[in-house]
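Heads up: the structure comes next, in structure tokens.
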Amino acid sequence: MNKWFFLFAFLAAEITGYGQSRHTISGTVREKKSGETLIGASVYLMEQPKTATLSNAYGFYSITAPAGNYTLVVSFSGLNTDSIKINLAGDISRSVDLVQNNTDLQEVVISSTRRDENITKPLMGVQKLSVKEIQNLPVIFGEKDILKTLQLLPGVQSAGDGGSGFYVRGGTTDQNLILLDEATVYNPSHLLGFFSTFNSDAIKDVTLYKGAIPAEYGGRLASVLDVKMNDGNSKDYVVSGGLGLISSRLNVEGPIEKDNGSFIVSARRTYADLFLKLSKDTNTNSSSLYFYDINAKANYKLGDRDHIYLSGYFGKDNLGLGNQFGIDYGNTTATFRWNHILNSRLFSNTSLIYSKYDYDITVTSGVNDVGINSFIRDYHFKEDMQYYIGPGNKINFGLDLIGITTSPGVITAGPQSDNFNSTVVPDKHAIQSALYFSQELSLSDKLNVNYGLRASLFTVLGPGAFYTYDSSGNAVDTANYGSGQVVINYFNLEPRFSMSYQLTDNSSVKFSYTRTTQNLHLLSNSTSANPTDVWIPSSNNVKPEIADQVSAGYFRNFDDNQYEFSTEVYYRNMQNQIDYKNGAQLIANVNVESQLIFGKGRSYGLELFIKKKFGKLSGWISYTLSRTERQFTEVNNDSWYPANQDRTNNLSVVGIYKLSKKWTFSADFVYYTGNAVSWPSGKYEVNGQPAFYYVERNGYRMPAYNRLDLGVTLQGKKTKKFDSNWNFSVYNAYGRENPYSIIFQQDPGDASKTQAVQWSLFRWVPSITYNFKF
């Protein structure tokens, strides 16, 4: 009985803030010049350094300490540290505005708000990306691109040459949850992947979780990429943008009401289609090849405790070949958020979110006119709460509720079409809901833990006919459900745990375990995401994908935190993985689930990372040694085989040299093992025609890939009212013809021989971009 009494007394003391003699100081941290809230600013009381905390995603912080006189210290990378004398005689509110450093920011890509945060924080496998710090990196077409920069980090691999798709620790592209202001982005690419949907002018913060994924995130197996948009300048009106060879962008921001509200609108468009019109060929000059997108956001303070945000994204791609073929696809998102401070320790964020991805294809051949369209759409309600109990002790809890509709595909035939029939695959409906709880806790000066639990429920709803298939893919049973009827429920508990133990002032070891589940599945016959890929929900045939990941690492900083080193090992076990039968038809197929096979997967590896964060020369080296495998009863005699995205070695080297205030030089080198592929092992003849013979799935390798990119940034004359620079870059500087695909065909000169024909996308790709701001 006594032990339960003491336990209750301890918890009561935690919740009430350790007695009446303790008080709380809370507020918001902003950048003074623009009024932007600062994510992850370091805040602590100088007299009690154990009170250190970080501002949350909306700049809010809360610190509890005994009554007394203190010095509040607030710092953020690239801004001057502020120290404020306070008398903590009761709960007080104190917001802080930080000003820019007089010296130039030297950090490169992955920035920590504290120089030793990589040592002290329990979460591992987390990378933060600052848009301000990637502006010098050379990328294809000269466009600053956060997704291509992420591909230079350990454990993250490119899904294709020049593309924005990426794999994380052996996961597929659809196993990454990509969020823009909390809205899901289902296809994060433009122009077949050569541009990402994220306009860097509109982005404030980027965080990638690839190891210890916090309990507030769910729905994908491999990783979470959380992207947050700028709030807009609440002090002055600012116009910025850039002019490039094939694309341009414009950004406008300013106050709605000074210091109380602001807005930002960013727009981009490519204009390669304008050059096509110069061609004398009829098909070429009537073709289209462009995308445009718009980011917009507004926010307003309703008072000291309430702040509302409204943000949205709209993007569209248009690709067409004369009057013969055309495809339009794009994303639409909208997010309304209400931040409310219930008291000095309890912070609430309520969100209403809309997201949609759709595509339309038209094909004209002779008299045949065929259209294909598909979409996925969700309506999302979120409630996130953060409770600051005391120093080093914070609780996060909340709920998710998402209504999802998918249209797997509709084929419509024009009235003159003789050889095509219209096909309509019924929409699929589901509700994805979850409750979560997590706690960040400092158990001692050296030991920090973060543990949590996510309880997820996926409910498949009618109306529609739901089939049961035998091993041959034949429908053996049909059940019809009315609108709103429950077809099946999938309930999963997803525990999350991570810890760090500080060995010395500049080194620590970390461990984490994470279980994740996924109930939305992308059907694709290609190794990287295509705009025509189809999303389907879990069903009576397709079970939720489940992954368990264990990881451990050693972290060390050198030379006053100027150099950062880490090594991580991981093992991920995956259940209910999806593959396809040979010749599977995925688009507009009512019985598409009959084309699927189900198995398991595993991925394991070693990641090494060393970074120089400050000085004239900065950069990093990342290396990943990994293995990703799948096992299906129907494939390779039920033996383990390499997955398409399996790459044994992946090396990236990045360097940035600031020669002077005007000139900055940069370079990156990439090398990785070729993807696993299925190539023919022989051929035979059928009715006088050659047919290829395949022995095993993914039994061969593409040639290894390597590339060097170079960049130069020339800073223009800088005044208080105007700033500009020129960026020159060359993608694939030594012109290596890296294989994009290799096909096999009969040798035209000798029918008894077979040719292997390699296709390459890019050799040298020079770019020039002029950036301005006033």
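The values are calculated or read from the model by the stated rules, or taken from the named source; none is laboratory data. Computed from a predicted model, the values in this text were never measured in an experiment. Every residue, glycine as well, gets a Cβ built from its backbone with ideal geometry; the counts of neighbours run over all protein chains shown. Accessible surface areas use protein heavy atoms only, side chains included; no ligands, DNA or RNA. Shrake-Rupley method; radii C 1.70, N 1.55, O 1.52, S 1.80 Å.
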Once normalised by the length of the stretch 417-563, the mean sequence separation of its alpha carbon contacts under 8 Å that are 6 or more apart gives a contact order in percent of 20
At 1.4 Å probe size, with the rest of the protein present, what percent of the exposed accessible area of the chain is carbon and sulfur atoms?
57
If you average the C-alpha positions of the stretch 377-398 and of the stretch 699-756 separately, how far apart do those two centres end up, in angstrom?
43
Which residues qualify? For Gly261, with a placed amide H closer than 5 Å and at least 5 residues away or on another chain, they are Ile256, Lys301
Quick one: accessible area per residue over the chain, 1.4 Å probe, rounded to a whole number of Å²?
43
Shape call, the stretch 116-233: gyration tensor on alpha carbons, a/c limit 1.5
rounded
May I ask which residue of Tyr436, Gln100, Asn573 lies farthest towards the positive end of the charge dipole of the chain, with charges of +1 (Lys, Arg) and -1 (Asp, Glu) on Cβ and the Cα centre as origin?
Gln100
In a shell of Cβ-Cβ distance under 14 Å around Tyr693, excluding Tyr693 itself, what net charge do Lys and Arg (+1) and Asp and Glu (-1) give?
0
What does the charge add up to near Leu435, with Lys and Arg as +1, Asp and Glu as -1, over the other residues with Cβ less than 9 Å from its Cβ?
0
Report the charge-dipole magnitude of the chain in Debye, nearest 20, computed about the Cα centre from +1 at each Lys and Arg Cβ and -1 at each Asp and Glu Cβ.
2100
Residue-by-residue Karplus 3J(HN,Hα) for the stretch 337-345, coefficients 6.51, -1.76, 1.60, Hz, glycine and proline x:
10, 10, 8, 9, 8, 5, 7, 5, 10
Karplus (6.51, -1.76, 1.60) ³J(HN,Hα), θ = phi - 60°, over the stretch 759-769, in Hz, Gly and Pro reported as x:
10, 10, 8, 10, 9, 7, 10, x, 9, 10, 9
Normalised by the residues of the stretch 547-601, what does the relative contact order come to in percent, with Cα pairs under 8 Å and at least six apart?
32
May I ask you to evaluate 6.51 cos²θ - 1.76 cosθ + 1.60, the Karplus curve with θ = phi - 60°, for each residue of the stretch 240-251 and list the ³J(HN,Hα) values in order in whole Hz, giving x for glycine and proline?
9, x, x, 10, x, 5, 10, 8, 9, 9, 9, 10
What does the charge count near Leu177 come to, summing +1 for each Lys or Arg and -1 for each Asp or Glu among other residues with Cβ under 9 Å from its Cβ?
0
At most 15 other Cβ within 10 Å, DSSP loop - trypsin sites (Lys or Arg not before Pro), the stretch 208-316:
Lys258, Lys277, Lys280, Arg305
Can you give me the Cα centroid spacing of the stretch 501-523 and the stretch 171-222 in angstrom?
17
Starting from 0.36 nm per residue, how many nanometres of slack lie between Leu617 and Asp723 once their C-alpha separation is accounted for?
35.8 nm
From the square roots a ≥ b ≥ c of the eigenvalues of the alpha-carbon gyration tensor of the stretch 482-521, which class results: rounded (a/c under 1.5), prolate (a/b over b/c), or oblate?
prolate
Where does helix 2-15 land angle-wise versus the long Cα axis of the chain, in degrees 0 to 90, nearest 10?
90
For the stretch 587-665, which GluC sites (Glu not before Pro) are in a loop by DSSP, counting at most 12 other Cβ atoms within 10 Å?
none
Quick check on packing: order 682-693, 197-208, 428-439 by the mean number of other C-beta atoms within 10 Å, highest mean leading.
197-208, 428-439, 682-693
Helix-only mean residue ellipticity at 222 nm for the chain, each DSSP H run of n ≥ 4 adding -39500 (n - 2.57), per residue, nearest 500
-1000 deg cm²/dmol
Antiparallel DSSP bridges in the chain: what percent, to the nearest 5?
95
In nm, to one decimal, how far is the modelled label at Phe381 from the one at Thr504, with both set 7 Å along Cα→Cβ?
5.4
Cross-link reach list, aspartates and glutamates versus Lys753, counting only Cα pairs under 16 Å and skipping chain neighbours closer than eight places:
Glu685
Relative contact order, percent, of the stretch 623-759 when contacts are C-alpha pairs under 8 Å separated by at least 6 residues?
17
Rounded to whole angstrom, the alpha-carbon centroid of the stretch 242-319 lies from that of the stretch 641-698 at a distance of 33
Whether the stretch 182-312 is rounded, prolate or oblate, judged on the alpha carbon gyration tensor where a/c under 1.5 counts as rounded:
oblate
